[in-house]
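Input: a single structure, listed below in structure tokens.
We did not get these values from a lab; they are worked out from the coordinates using the rules stated. For clarity, every value in this text was computed on a predicted model and none was experimentally measured. No Cβ is skipped: glycine too gets one built from the backbone with ideal geometry, and neighbour counts run over all protein chains shown.
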Amino acid sequence: MVIGWRGGVGGGGKRRVRVLRGKAMAERQDGFCLREVLAAFRACLTAEQTVLMDPYLRGWNGLIRFLNSLGTIFSFVSKDAVTKIQIMEKYRSSDQRERYETLQSMVEYELANGLVGLKNQGECPESGCRAILRLHRALHWLQMFLEGLRTSQEDSKTSVICTNSYNASLANYHPWVIRKAATLAFRALPTRNAFLENMNLGTPEEAVDMLGEALPYVCKVYEITEELYAKHKMLDLP
Ligand SMILES: CCCCCCCC/C=C\CCCCCCCC(=O)N[C@@H](COP(=O)(O)O)[C@H](O)/C=C/CCCCCCCCCCCCC
């Protein structure tokens, strides 16, 4: 799954990028480390090939912390993802928490009780299946983006890697206005090496090695979820 990133996002925004880079670096004092995020996705996987909800949400919360450190330009993205995460956290602290222990138990429970809103979002606006599907699609983008970063040349542009992975995944589900806002925001991303250093995994080379080890777990979580949703014909939930 190697994506191209030799395109080119228009110039400009250099000053903004420098500011963002400084800000992101400074904010790594917060103890963020991508290792913990990747470990959370690894911890999702059980021997029975189910996906545990709590580490899945922990992984997402870690990603949101990272995204927030890139600046307010990404607030509209993180707000939307946080809304979905909070729907799931609410279920995990409710009386029905056991039903939401794994993605599989959630799908079984919500389908059996008509809680999905298969035809109309308005029927079940807080459906767990729907919230997870949105995050699942974003995980596809993340997988491609991190793989793109990992396999790119030192002088590659993060914004281009990000745009290409977005266009090949999430963008297919977004209206024009969101696609436009997202691709404008990507222009503010720091350079590849600054981005890799910001993951707090050591040097860019060490970060690349770590990504190589850990990405298969993210991919596995993605594959199991994709199969589960395909089996129940839920990949296009409104
Ligand atoms: C340290 C690791 C390196 C990578 C760090 C990346 C951190 C990424 C964190 C979050 C990723 C984005 C999550 C986006 C979830 C979007 C869910 C979605 O598709 N929502 C749309 C549909 O929802 P409903 O209306 O059906 O409820 C919603 O319409 C869209 C909202 C706006 C967000 C769309 C922009 C997506 C851009 C994704 C790329 C993020 C760029 C990060 C740059 C590193």
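Some points to look at:
- Computed from the C-alpha gyration tensor, the three semi-axes of the ellipsoid equivalent to the chain are 31, 19, 16 Å, from longest to shortest.
- Across the cross-link table entries Lys84/Lys231; Lys90/Lys119; Lys84/Lys180; Lys84/Lys220; Lys90/Lys233, which are compared at the Cα atoms, there are no separations over 27 Å.
- In order along segment 68-81, the phi-based Karplus estimate (6.51 cos²θ - 1.76 cosθ + 1.60, θ = phi - 60°) of 3J(HN,Hα) comes to 4, 6, 7, x, 5, 4, 9, 4, 5, 6, 5, 4, 5, 5 Hz; Gly and Pro are listed as x.
- Gyration tensor over the Cα atoms of segment 24-161: the corresponding equivalent ellipsoid has semi-axes (square roots of 5 times the eigenvalues, largest first) of 29, 17, 15 Å.
- Most fluctuating residue given options Ser169, Ser156, Ser94, as computed from a GNM of the chain linking Cα atoms under 10 Å: Ser94
- Each label was represented as a point 7 Å from its Cα along the Cα-to-Cβ direction; for Asn113 and Asn61 these points are 2.3 nm apart.
- Dipole magnitude of segment 100-176 about its Cα centre (Cβ charges: Lys, Arg +1; Asp, Glu -1), debye to nearest 20: 240
- Here the spin labels are modelled as points 7 Å beyond Cα on the Cα-Cβ line, and at Lys233 and Glu48 they lie 2.6 nm apart.
- Distance (nanometres) between label positions extended 7 Å along Cα→Cβ at Lys180 and Asp155: 3.4
- Whole-Hz ³J(HN,Hα) from phi, Karplus 6.51 cos²θ - 1.76 cosθ + 1.60, for segment 159-165, glycine and proline x: 4, 6, 4, 5, 4, 5, 6
- Peptide packing: for 59-66, 222-229, 178-185, the average count of neighbouring Cβ atoms within 10 Å per residue gives the ranking 59-66, 222-229, 178-185, highest mean first.
- Using all pairs of distinct alpha-carbon atoms, the Kirkwood hydrodynamic radius of segment 121-218 works out to 14.7 angstrom.
- Considering only alpha-carbon pairs that sit under 8 angstrom and 6 or more positions apart, the relative contact order computed for segment 119-203 is 30 percent.
- Among the trypsin sites (Lys or Arg not before Pro) within segment 84-147, those in coil by DSSP and having at most 14 neighbouring Cβ atoms inside 10 Å are Lys119.
- Gained length - Ser105 relative to Thr72, 0.36 nm times residue gap less alpha-carbon distance: 8.3 nm
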